[in-house]
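The values are calculated or read from the model by the stated rules, or taken from the named source; none is laboratory data. Values in this document were obtained by computation on a predicted structure and should not be read as measured data. Every residue, glycine as well, gets a Cβ built from its backbone with ideal geometry; the counts of neighbours run over all protein chains shown. The accessibility values were calculated without ligands, DNA or RNA, using every heavy atom of the protein model including side chains. Shrake-Rupley method; radii C 1.70, N 1.55, O 1.52, S 1.80 Å.
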Amino acid sequence: MAVATRVDTEAILAVADELAEMIRRSDECRSYWRAREKMERNPRAQRLFDELKKKTNGLWTLRDRLGESHDKYLRMKQETDALWERLYEIPVALQYKAWQDELNALVQEVIEVILANLHGTLPVERGPRLCGSGGCSGGCGGSCHAGAGR
């Protein structure tokens, strides 16, 4: 008969810190940062990426306020799609997005494993930050919805 041992919150959070550090030291994370540095050295890519972030945030606001069938939303979505197309013409932007997606997938997979292991023993539900496959990067800095414009 197995005897359950008590683990305090501090110990759980310490393991979570270790897990976060392992992710920071992962190949995916190192590759992401290299790709991000290249992206930041490309003024055109950086300008398009900044513009895309603003448009995407506006797109979400319009979607939430007016719905996906509203003319304003549809126009903004077309503009966002056009920005994606222009950004993907730049190789460093493609590389950056690919590594961002890889890192997101790693973090999302860790979360899914934890949830799967708790399922059936605790009433754990998917939270709003778990955006499905692809996940969220940088603390949900918008990338879980980045594909919304594509």
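Solvent-accessible area per residue in region 7-65 equals 72 Å², computed with a 1.4 angstrom probe and all protein chains kept. Computed as a quarter of the hull surface, the mean projected area of the alpha carbon convex hull for region 1-122 stands at 11.5 nm². Here region 48-129 exposes an accessible surface that is 55 percent carbon and sulfur, computed with a 1.4 Å probe and the other protein chains kept in place. One chain, two ends: Arg41 and Val124. Fully extended at 0.36 nm per residue, the span grows by 25.6 nm beyond their Cα-Cα distance. The slack between Glu112 and Thr61, meaning 0.36 nm per residue of separation minus the straight C-alpha distance, is 15.5 nm.
Taking all protein chains as shown and a probe of 1.4 angstrom, Trp60 keeps an accessible surface of around 40 Å². Annotation for Val7 and Gln78: the two label points, set 7 Å from Cα along the Cα-Cβ direction, are 5.4 nm apart. Within the assembled protein chains, the solvent-accessible surface assigned to Tyr96 is about 10 Å², based on a 1.4 Å probe. Cross-link reach is defined here as a Cα-Cα straight distance under 16 Å, omitting same-chain residues fewer than 8 places apart; for Lys55 the aspartates and glutamates meeting it are Asp64, Glu68, Asp71, Glu79, Asp81, Glu85. Summing Cβ point charges (Lys, Arg +1; Asp, Glu -1) relative to the Cα centre of region 1-120 gives a dipole of roughly 660 debye. Towards the positive end of the charge dipole of region 1-112, with charges on Cβ (+1 Lys, Arg; -1 Asp, Glu), say which of Leu62, Val7, Ala20 has the farthest Cα. It is Leu62, whose Cα lies furthest towards the positive end.
Here the extension length gained between Ala14 and Glu85 equals 21.3 nm, from 0.36 nm per residue of separation less the Cα-Cα distance.
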